[in-house]
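Everything on this sheet refers to the single structure shown next.
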Amino acid sequence: MQRSLAAFKEYGKTPPTQRAAFLEQIAAQLESRREALVATAHEESRLPLPRLNGELTRTTNQLKMFARLVREGSWVEASIDKGDKDIRKMLVPLGPVVVFGASNFPFAFSTAGGDTASALAAGASVVVKGHSAHARTSEAVFGAVLDAIRESGVPEHTVQHVLGPGSTTGKALVMHPHTTGVGFTGSFSGGRALMRYAAERERPVPVFAEMSSINPVVLLPDTLHKNTAALVKTFAASITLGMGQFCTNPGLLLALESPALEVFLQQLGAEVSQAQAHDMLHSGIADSYAEGVKDMLDQEGIAVVQRGTGVIAKVAAAVFLRNPHFREEVFGPFSLMVVCKDKTEMTAVLENVKGQLTGTVMATEKDLEDHSDIIALQATLAGRVIINDAPTGVEVCNSMVHGGPFPATSDARFTSVGATAIKRWVRPVCFQGFPGHLLPEELQDGNPRKIWRLVNEQWLNT
Ligand code: NAP
């Protein structure tokens, strides 16, 4: 962390062009090692090769997206007021940050993944705590980052990499006085532990933890009746995608009781049981999935629809509402259908689930007209509300929100995917009465890059 602080003192001041070139250089280094990286990740994570190839492409695209953002420059939200006093503001990097690699994304949410890319774009230095489930992949990716550091001339310790148990190494990193922020994707208990450590420090720091989400999907009656086969295909694929090891996995389904719902459930069960099974990411996840399914199926009033590659179960809304256990995440290909007698029950169920990454509504035009209140309710629960699409598949773009109210994440004001993920690693600083030459380049008069969003001199004059 001392090295990270020393690196930050220089790296935090690098011009945007150099920072952008560094991010692009990391992408290029990863690309040049693609075959070896994908092979190692495949050995360690057991994830299929096409998925890993796609994930690596996503990772390099994220790095390039942040390079474009930094070059363009308006993300710093520079603003200048020339009223009675000269007051200017912009976002500046926090300092050294710690990033925990996630088990379920060996590339895109790990060593050179979205957390690291957004932090580096912001001007923060990074210490990565690699995940033990893909330690060799993590080290190989770090090798690519080291070459990029050398090529682009940024300070040697701008990015560092350590391996070790979370409860000792991870804790020490979060507790270290030089650490100014933490990024994490993983279990609720892990995320909560990091939040506790950070809060117990003499100087508490923010932890951006993405932890647990069951991503409720409401299947409205008209579409359930008219589009049964298409809904079965979409949700069987989404529930079993990557053996359900996605934070946006649809773990909770809601529908009104009807003959169409029974047909849907039977077909969904059959389709899910036929999906191709593969090993889970690591034995810990496999064990906790088996335990989670057992605990869930032990609850009173639950009925198994089908057990195969995935597990589909159902429960009456009244039973769901009496037992908080049904709101818990089972990480893997498990989905629970809550059968509601009427819209009042459906509303009560949604009001009783916790904060979510996503909320989905499957609907025809008629359904949308009849259920606008259900859509509004989903938006109060989740960071991303979806109409007529599966929640799995998170696109990396400016408008993406991959976040949501607790416990989906530790701070609903931020996203961990997309360009605005950079906001987690900055703070606003106001420069008052500064002579021009002492201002950051972004705030200087006549800055040729013209990135100011707001010059409110005129507001003050009127
Ligand atoms: P995890 O156990 O939370 O581990 C993630 C990282 O946090 C690891 O580096 C781990 O260190 C560290 N860690 C865990 N507990 C800690 C603690 N008390 N103090 C300090 N560091 C700690 O997550 P996982 O290995 O990815 O999978 C376990 C479970 O997490 C899954 O079964 C699933 O329930 C959940 N999960 C959820 C999501 C999601 O997006 N919602 C994604 C992945 C996993 P170690 O190296 O010591 O393990």
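Values as computed for the structure displayed
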read-out	value
Candidate lysines - alpha carbon under 27 Å from residue 85, same-chain residues fewer than 8 apart omitted	13, 450
Radius 14 Å from Cβ of residue 350, net charge of other residues (Lys, Arg +1; Asp, Glu -1)	-1
For the chain, Kirkwood radius (reciprocal of mean inverse C-alpha pair distance, Å)	23.5 Å
Amide H partners (placed H, <5 Å) of residue 256, local residues excluded	340
Estimated distance in nm for a label pair at residue 325 and residue 279, the labels positioned 7 Å out from Cα along Cα-to-Cβ	3.1 nm
Crossing angle, helix 188-200 versus the chain [Cα axis fit, 0-90 degrees, rounded to tens]	30 degrees
For region 341-347, 3J(HN,Hα) per residue [Karplus equation, 6.51 cos²θ - 1.76 cosθ + 1.60, θ = phi - 60°, Hz, x = Gly/Pro]	6, 7, 5, 4, 5, 4, 4
12 Å beta-carbon shell around residue 289, net charge (K/R +1, D/E -1)	-4
Under 5 Å, built H, 5+ apart or other chain: amide partners of residue 390	none
Integer Hz, Karplus 6.51/-1.76/1.60 couplings in order for region 212-217, x for Gly and Pro	7, 7, 10, 6, x, 10
MRE, 222 nm, helices only [DSSP H, n ≥ 4, -39500 (n - 2.57), over the chain, to nearest 500]	-13000 deg cm²/dmol
Cut-off under 5 Å, modelled amide H: who pairs with residue 127 long-range	97, 98, 99, 160
On Cα atoms only, tilt of 16-32 relative to the major axis of the chain in degrees	50 degrees
Two-decimal Rg to Rh for region 216-387 - Kirkwood Rh, Cα set	0.94
Calculated FRET value between residue 376 and residue 72, using beta carbons and R₀ = 41 Å, to 0.05	0.75
In degrees, nearest ten, helix 2-11 long axis to first principal axis of the chain (Cα)	70 degrees
Cβ-placed point charges (K, R +1; D, E -1), dipole of region 216-387 about Cα centre in debye, nearest 20	160 debye
GluC sites (Glu not before Pro) lying in DSSP loop within region 1-56, provided at most 16 other Cβ fall within 10 Å	none
Average Cα contact separation per residue, region 216-387, under 8 Å, 6 or more apart, as relative contact order %	30 percent
Trypsin sites (Lys or Arg not before Pro) restricted to DSSP loop in region 256-358 with at most 15 other C-beta within 10 Å	341
Calculated from backbone phi, Karplus (6.51, -1.76, 1.60) coupling profile of region 141-151 in Hz, x at Gly/Pro	5, 4, x, 5, 5, 4, 5, 5, 4, 4, 5
Cα-Cα over 19 Å, subset of 233/341; 314/341; 89/423	233/341
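Every number here is computed from the coordinates shown, using simple stated rules; none is lab data. This is a predicted model, so every value here is computed, not measured. FYI the Cβ positions are ideal-geometry reconstructions off the backbone, even for glycines, and counts take in every protein chain you see.
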